[in-house]
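In what follows, a single structure is set out as structure tokens and then discussed.
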Amino acid sequence: MPVAFVDTAELDSLAFGGNHQGVVATMDSTPNPGPRDLLQPRPERAQPPLILAADQVEDVGNLGSLVRTLEACGGAGVIVPQRRSAALTGGLARASAGASLRSTVVSVTNLARALKSLRSEGVRVIGLDADAETPFDAMAFDAPCCIVVGNEARGMRPSVREACDAIVRVPLRSGIGSLNVAAAGAIVLHHIARQRTG
């Protein structure tokens, strides 16, 4: 691996203003996988596939937390739209504690179309919304599934919502109206992992 010694200003530039602690590594770009690639069996991944779709989650901390949780649950990968989503850069790797480098991250131009493509392959697409009637734990998650979370302020876009088979909520027992998107996603992903392993 080639190593170059540079001044702090260049490190700052390479790290896009992030806290580099004196070291920056660059990686070659890899081919962008497609949604169907997430359905391929892999021995190190849970089966049936568990996929996460993040509809315009803009905070890199939220997206990083979601990717890290998905990785911890043996998920197949995450799908994000190319526009109005947290950037897929070193900041995401840092926010996910490196999980985004181990996970398959699929960037698509049209998330609703990608979800419909997964449905045609037998994947159950389930959206999370605080106002849904059905609690998430009333469902069985024993088939391939994709959990969809929405933007921090606006939730899922209408076209993405329409691409879902079902919309569920995380039940809350106090006066709090909703959870942070990363917290809600983590609760549901962990529940699915536990349900599948008994």
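Bear in mind these aren't lab numbers, they're just calculated from the coordinates by the rules spelled out. Here the structure is a predicted model, which is why all the values come from computation and not from measurement. Neighbour counts run over all protein chains shown; Cβ positions are idealised from the backbone, glycine included.
A compact table of results
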{"quantity": "Looking only at region 49-75, and only at residues there that are out of contact with any Leu (no Cβ under 9 Å at 6 or more places or on another chain) and outside any helix (DSSP H, G or I), the one that is farthest from ALA163 (Cα to Cα)", "calculated": "ASP59"}
{"quantity": "Residues of region 171-195 that turn out to be farther than 13 Å from THR69 by Cβ and touching a strand residue (DSSP E or B) at 6+ places or on another chain (Cβ under 7 Å), as a count", "calculated": "1"}
{"quantity": "Tally of residues being within 25 Å of GLY155 (Cα to Cα) and among the acidic types (Asp, Glu) across region 35-65", "calculated": "3"}
